[in-house]
1. Return the residue satisfying two criteria in turn: it lies in region 10-35 and is open to solvent by 30 Å² or more (accessible area, probe 1.4 Å) and either among the charged types (D, E, K, R) or modelled with pLDDT under 95 (or both), and of such residues it is nearest to ASP103 (Cα to Cα).
2. In region 121-145, which residues are within 12 Å of LEU75 (Cα to Cα), in a helix (DSSP H, G or I) and open to solvent by less than 20 Å² (accessible area, probe 1.4 Å)?
3. Could you list, in sequence order, the residues of region 69-102 that are within 12 Å of the chain's Cα centre (by Cα) and open to solvent by less than 30 Å² (accessible area, probe 1.4 Å)?
4. Is it the case that region 149-168 has a residue that's out of contact with any Cys (no Cβ under 7 Å at 6 or more places or on another chain), closer than 23 Å to ASP84 by Cβ and in a helix (DSSP H, G or I)?
5. Testing ASP60 on (1) surrounded by 14 or more Cβ atoms within 10 Å (Cβ to Cβ); (2) at negative phi, one condition comes back false. Which one is that?
6. If the Cβ limit is 8 Å and pairs must be 6+ apart or interchain, which residue in region 108-120 that is within 19 Å of ALA71 (Cα to Cα) pairs with which residue that is among the hydroxyl-bearing types (Ser, Thr, Tyr) and in a helix (DSSP H, G or I)?
7. For a quick check of your reading of the model, give me the residue pairs whose first member lies in region 23-46 and is over 24 Å from TYR80 (Cα atoms), whose second is in a helix (DSSP H, G or I) and of a type in the set (Lys, Arg), with beta-carbon atoms closer than 6 Å and at least 6 apart or on different chains.
8. Taking the condition of being within 20 Å of VAL57 (Cβ to Cβ), touching a residue at least 24 places away in the same chain (Cβ under 8 Å) and open to solvent by 50 Å² or more (accessible area, probe 1.4 Å), how many residues in region 149-189 meet it?
Amino acid sequence: MNATYRLAPANKWPSGAEDVGSVVAWLRANIAQHGGDPERIFVMGQSAGGTHVATWVFMDKVHGAKGPGVAGALLLSGVYSAVDPGYTTAAPGANQVAYYGEDVAKYPDMSPLYHVKAGHPPVFLAVAEYDPYPLAWPSSAMLAALIKCDRAMPRFQVLPDHNHVSPAMQINSSVDTLGPSLLDFVLNTGGSAK
């Protein structure tokens, strides 16, 4: 299933993650009718979509007490923290202000990077070689957060010779360098929805 999310500025944080949650809820209620298993739902997002998927998966205050309800998450070049003085001193961009608001002090509480904790679903994380810095550092920070949390390396792939959008655009094409890894993760990740 392919889905999208509502856009800022008309829709503020956490609307994108709530939209991911709506898709998960629909799938859990309807997937069996289409031959699927509601305990084997995987969510994937690229760029802002990766941000929204990570927010849904990692943030209890967004997905609620029942958990995210997915068996795994595939995160491709997302922005997992709006700002972090450890990586950048740049002021937030207009797109960040449109979604997160003007109070930068609240950004960490809205950023999935700071909510990674034990018990999260398995994660596949990918970053493109030519992702621009504001998109590359959040992926490296998320990798570090997952390693620190799990005391193990998650599935992680650097995509050489790719820009920010080219890996996702090539999935299932003759030059696909990402799709086989995504499929392997889904097929070989055990367990059921959390």
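1. Among residues in region 10-35 that are open to solvent by 30 Å² or more (accessible area, probe 1.4 Å) and either among the charged types (D, E, K, R) or modelled with pLDDT under 95 (or both), the one nearest to ASP103 (Cα to Cα) is LYS12.
2. Those that are within 12 Å of LEU75 (Cα to Cα), in a helix (DSSP H, G or I) and open to solvent by less than 20 Å² (accessible area, probe 1.4 Å): PRO138, SER139, MET142.
3. Across region 69-102, the qualifying residues are GLY72, ALA73, LEU74, LEU75, LEU76, SER77, GLY78, TYR80, SER81.
4. yes
5. (1)
6. PRO112/THR51; PRO112/THR55
7. PRO38/ARG28
8. 3
The values are calculated or read from the model by the stated rules, or taken from the named source; none is laboratory data. Everything numeric in this text was worked out from a predicted model, so none of it was measured. Positions of Cβ are backbone-derived with ideal geometry, glycine not excepted, and every protein chain shown enters the neighbour counts. In case anyone asks, the SASA skips ligands and DNA or RNA and just uses the protein heavy atoms, side chains included. Shrake-Rupley method; radii C 1.70, N 1.55, O 1.52, S 1.80 Å.
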